[in-house]
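*Asks:* Structure below; questions to follow.
The values are calculated or read from the model by the stated rules, or taken from the named source; none is laboratory data. Please read all numbers here as calculations on a predicted model, not as lab measurements. Please note: Cβ atoms are built from the backbone with ideal geometry, for glycine as well, and neighbour counts cover all protein chains shown. The accessibility values were calculated without ligands, DNA or RNA, using every heavy atom of the protein model including side chains. Shrake-Rupley method; radii C 1.70, N 1.55, O 1.52, S 1.80 Å.
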2 protein chains.
Amino acid sequence: MISLEAGFTDDATLPVADTREIVEEVLGGRDARRALQYGSTQGEPHLRELTVDRLRRLDGRAGAPRCQATTDRTVITNGSQQLLYMLAEALFNPGDIVLLEDPTYFVFLGIVQSMGLRARTVRMKADGMDLAHLEAVLSSLKREGELARTKALYMVSYFQNPTGITTAIDRKRGALELLQRYSQKRRPIYLVEDAAYRELRFAGSDVPSTLSLDGAEDRVIVTGTYSKPFATGTRVGFGILPEPLLTTVLRIKGNHDFGTSSLLQRIVARALESGRYERHLERLRARYAAKAATMASAMRDSFPKRVQWDEPQGGLYFWARSPRRVSTGMNSTLFRTALGHEVLYVPGQICYADDPTRRKPNHEMRISFGNATSEQISLGVRRLGSVLEEIVGSGDRRVRESRNRRSHQPGGHESLRPPRM
Amino acid sequence: MISLEAGFTDDATLPVADTREIVEEVLGGRDARRALQYGSTQGEPHLRELTVDRLRRLDGRAGAPRCQATTDRTVITNGSQQLLYMLAEALFNPGDIVLLEDPTYFVFLGIVQSMGLRARTVRMKADGMDLAHLEAVLSSLKREGELARTKALYMVSYFQNPTGITTAIDRKRGALELLQRYSQKRRPIYLVEDAAYRELRFAGSDVPSTLSLDGAEDRVIVTGTYSKPFATGTRVGFGILPEPLLTTVLRIKGNHDFGTSSLLQRIVARALESGRYERHLERLRARYAAKAATMASAMRDSFPKRVQWDEPQGGLYFWARSPRRVSTGMNSTLFRTALGHEVLYVPGQICYADDPTRRKPNHEMRISFGNATSEQISLGVRRLGSVLEEIVGSGDRRVRESRNRRSHQPGGHESLRPPRM
């Protein structure tokens, strides 16, 4: 089985030698015991400083000198996932409305569902959110008297999971202005920018974060992670939050775990300050660039012309669109046939929220080059290509027929687990 | 300032050399990359096996051969705190009722409060819960038609935080039987046993966990931790859960963080299987035994006779009771005077839930020997003793007077943060 499914990073790139050296430095130093003791709920001050320095430097290099990150508004979390969860706990009551990119990160959809939130989705363009559609959605929420229950817009702004889209700064600005315009007195609609993939860029130029925008200081939350760019096994993420949200989130984190592991935080801090993090990123980017090129080349060679896709400039994913009539979901002929040919992708459908205002698309695939080797990528894409050729090429009739032919479907799918990240 | 307040473990005991060796073994081994990659949401199978082996061995040695822990019912979490939080999320809706020891672990009270739960408290005896009172509480809930909303009893069974009480096996059995008897069809009242301090015993004999009891398999949850017995900075805990709770908790953990750091899990696993964990525990127990003896001796020498306390057989805390008329709370003369003399304790009041059926006691103190050195313990207890001598010795009149004399109270208390663990 070749998995082009999991959002895992590349095993071969995991920084084993770096981490050994770093742990030696952390536990060999004078301050070693602090790494094995409880820390503060908010996180190690030194790691928060390094985080703010880094964000400012990134935004500066991307052309935005005014990044509004500060150490006292920064919190360190167990991956950025924990922060997304706590933000949802802090922001929403059951039945509240969250604005989502359409499609969006499916693990966030798990949170949305588990908390009983209502989703309103906003269409995407090649460079981010369709602002005219965002305004239409906000305006319709206003008419329905639902603005007071609309608490936040969630945006995965760099190499979005799943589409690979990066949001242009003008779209970020436009979205923030719309949220400000439609926010009611003392009822801000926050902009949550999930920047998890920002550092995994291997082509094109970086875009400033929303922290660089006017009015960001009381309206914008930025979440990020050190797990994906360095070592997923370390699970260290961070966020920059405005008050009073920060206080609420810290109270929640006090109840979750009263602080992320000091050892992990010090490992990440040492990686950053020693320059190993940056050097590791360089290697990682080169490797992902190569694997993305391998995938693009295999897709060009073996995918039918009617399946559309774009080459991403970073991140871990390609997003491929079949003709609308060809379903890609877990129960589809395509998915099951692919499974029979031992190749696995993430069905696009699971990246779409339940939103009564539109039909849920079911003709797309997230295909990851993160964890697979180049050989697996070539082979897996060829297998998927031949399945697509067979099914997309064969037209409507075949797809409809297969619904009544269970024996046509390969077995083994009972053991399928939910997709990862 | 001498802090006899925080539930931190002893800095000097933190296993720096052990952890360096362990990380070398983990990252020097063939399987090193697995330690830096994502793992499963439920936790490393190997650590779950080691955990189950250990629980069975502990229960066996304590005289109970039938410990019902199994690997597939075990989950690894970010300290046991995360499991307590997720259990609360899984079990309760706002307004539901939780049965609590009176007093209980104050961080759990934070969870209870944040989720809008109603607490019903059960009195404690020297060897655990007062079963007659538990039955009276259950019977009154039945009369009130509230049993369907009563979801769990939370019990800190070894060297309870804050009182140091260890629950006898007969009381565990009695409590479980009562919960079974009062559970309605398909509405189990779970027994959550928090065994965080079990391994920190330095006198007397171990007691089997509730997993050894008849009927435990579908009604009992046991939570434990490797943080306090080894290194608090690693933040690795665990739990044994029955279905369908396990599935719900894993879904929640998928949303929290999709799994605890692989690196930390492998460090703890290696500590366990290499024997270092056990050897470390021996050293830790000897050290805490000595520090508890130092504290007991200082309290005997300097506390007034009217302040009562018992010597604990493990854990990190003494629990001292002033006469009822002498308040120990954050705003009390006692607390502020102690602060003026640069010694800090945890006011007993914060360990009591809001429960309309009884008045909240406010005359007790949790005094920790975990983090302080022997010298600090001796000095801190002497300082506290002289403050107690002054205030407890001086009778009612003085305490009442002081309420109107603000100038008598030392400053600096505005900077007080919430107590830790």
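*Asks:* About the Cα centre of segment B:202-294, what is the dipole size in debye to 20, counting +1 per Lys and Arg Cβ and -1 per Asp and Glu Cβ, all else neutral?
*Replies:* Values: 13 positive and 9 negative charges, 134 e Å.
The dipole of segment B:202-294 has a size of about 640 debye.
*Asks:* Going by average Cβ neighbours within 10 Å, how do the peptides B:226-235, A:332-341, A:239-248 rank, with the highest at the top?
*Replies:* Ranked by mean Cβ neighbours within 10 Å, highest first: B:226-235, A:332-341, A:239-248.
*Asks:* Still on this structure: Please get the size of the charge dipole for segment A:34-189, origin at its Cα centre, with Cβ charges of +1 on Lys and Arg and -1 on Asp and Glu, quoted in debye to the nearest 20. If you can, show how the numbers build up before the last one.
*Replies:* Details: 23 positive and 16 negative charges, 80 e Å.
It comes to approximately 380 debye.
*Asks:* Here is a further query. Expressed in nm to one decimal, what extension gain is obtained for the pair A:A136 and A:D11 from 0.36 nm per residue of sequence separation less their Cα-Cα distance?
*Replies:* 40.6 nm
*Asks:* Springs between alpha-carbon pairs under 10 angstrom, Gaussian network model over chain A: which of A:K291, A:K125, A:K253 fluctuates most?
*Replies:* Of A:K291, A:K125, A:K253, the most mobile in the Gaussian network model is A:K125.
*Asks:* Now for a separate question. Along the charge dipole of segment B:263-304, Cβ charges K/R +1 and D/E -1, which of B:L272, B:A296, B:L284 sits furthest on the positive end?
*Replies:* My answer, from the dipole projection, is B:L272.
*Asks:* Return the calculated 222 nm mean residue ellipticity for the protein assembly as shown, to the nearest 500 deg cm²/dmol, obtained by summing -39500 (n - 2.57) across DSSP H runs with n ≥ 4 and dividing by the residue count. Let's see the in-between values first.
*Replies:* Numbers: 24 runs with 332 residues, N = 842.
It lands at -12500 deg cm²/dmol.
*Asks:* Using a label position 7 Å from Cα in the Cα→Cβ direction, what is the ascending list of nm distances from B:D214 to the same site in the other copies?
*Replies:* Copy-to-copy label distances for B:D214: 7.6 nm.
*Asks:* A further question follows. Mind telling me which of A:G116, A:G370, A:G329 comes out most flexible in a GNM of chain A, alpha-carbon contacts under 10 Å?
*Replies:* A:G116
*Asks:* Something else: Which stretch or stretches of segment A:338-360 have amide N atoms under 20 Å from the point lying 7 Å from A:L379's Cα along the Cα→Cβ direction?
*Replies:* Only A:338-346 pass the distance filter.
*Asks:* Probe radius 1.4 Å, ligands and nucleic acids ignored: give me the carbon and sulfur share of the accessible area of the protein assembly as shown as a rounded percent. Display every interim value, and only then the final one.
*Replies:* Working: 14740 of 31470 Å².
In the protein assembly as shown, the share of accessible area belonging to carbon and sulfur is 47 percent.
*Asks:* A further question follows. With no solvent and one point on each alpha carbon, what is the Debye value of log10 I(q)/I(0) for chain A at q = 0.06, 0.10, 0.11, 0.12 Å⁻¹?
*Replies:* Those come out to -0.25, -0.71, -0.85, -1.00, one per q.
*Asks:* What percentage of all Cα-Cα pairs in segment B:209-321 are separated by more than 18 Å? Show your work: numbers first, answer last.
*Replies:* On the way: 4270 of 6328 pairs.
In whole percent, the long-distance tail amounts to 67.
*Asks:* Also, I was wondering about something else. Along each of its three principal axes, how wide is the spread of alpha-carbon positions in segment B:120-203, in whole angstrom units, largest first?
*Replies:* 44, 22, 20
*Asks:* Ignoring ligands, DNA and RNA, how much accessible area is buried between chains A and B, both sides summed, with a 1.4 Å probe, to the nearest 100 Å²?
*Replies:* Summing both sides, the interface buries roughly 4600 Å².
*Asks:* Quick check on chain A: of the DSSP beta bridges with both residues there, what percent are antiparallel, nearest 5%? The partial results should precede the final answer.
*Replies:* On the way: 21 of 42 bridges.
Approximately 50 percent, going by the DSSP bridge assignments.
*Asks:* In the Gaussian network model of chain B, springs joining C-alpha atoms below 10 Å, which of B:V222, B:V346, B:V107 carries the largest mean-square fluctuation?
*Replies:* Of the options given, B:V107 has the highest mean-square fluctuation.
*Asks:* Compute the helix-to-body angle for A:169-182: its Cα long axis versus the longest principal axis of chain A, expressed 0 to 90° and rounded to tens.
*Replies:* 80
*Asks:* Let me ask you something else. Quick check on the protein assembly as shown: what are the equivalent-ellipsoid semi-axes from the Cα gyration tensor, as sqrt(5λ), descending, whole Å?
*Replies:* Equivalent ellipsoid semi-axes, largest first: 49, 29, 28 Å.
*Asks:* How shielded is B:31-43 by partner chains, expressed as the average number of their Cβ atoms within 10 Å of its Cβ atoms?
*Replies:* For this peptide, the per-residue mean of nearby foreign Cβ atoms is 5.
*Asks:* What's the average, rounded to a whole number, of partner chain beta-carbon atoms within 10 Å of each residue's beta-carbon in B:23-29?
*Replies:* Whole-number average of other-chain Cβ neighbours for B:23-29 is 4.
*Asks:* Where the centroid of each part is defined by its Cα atoms, how far is segment B:81-121 from segment A:47-77 in Å?
*Replies:* Centre-to-centre (Cα) distance: 37 Å.
*Asks:* Hey, can you find the accessible area per residue of segment A:1-66 for me, probe 1.4 Å, expressed in square angstrom?
*Replies:* 43
*Asks:* Also, quick follow-up: Ordered shortest first, which distances in nm separate the 7 Å Cα→C-beta label point of A:D301 from those of the other copies?
*Replies:* So the label point of A:D301 gives 8.2 nm to the other copies.
*Asks:* Continuing with the same structure: By its C-alpha gyration tensor, with a ≥ b ≥ c as the square roots of the eigenvalues, how is segment B:243-377 shaped: rounded for a/c under 1.5, else prolate for a/b larger than b/c, else oblate? Can you show the working numbers first?
*Replies:* Details: a/c = 2.69, a/b = 1.44, b/c = 1.87.
Judged from the Cα gyration tensor, segment B:243-377 comes out oblate (a/c at least 1.5, b/c at or above a/b).
*Asks:* Same structure again: Can you name the residue in chain B whose Cβ lies closest to the B-to-A rotation axis, and give that gap in whole Å?
*Replies:* Nearest residue, distance rounded to whole Å: B:V23, 2.
*Asks:* Just tell me how shielded B:103-109 is by partners: mean number of partner chain Cβ atoms within 10 Å of each residue's Cβ, no decimals.
*Replies:* Per residue, the average neighbour count from other chains is 1.
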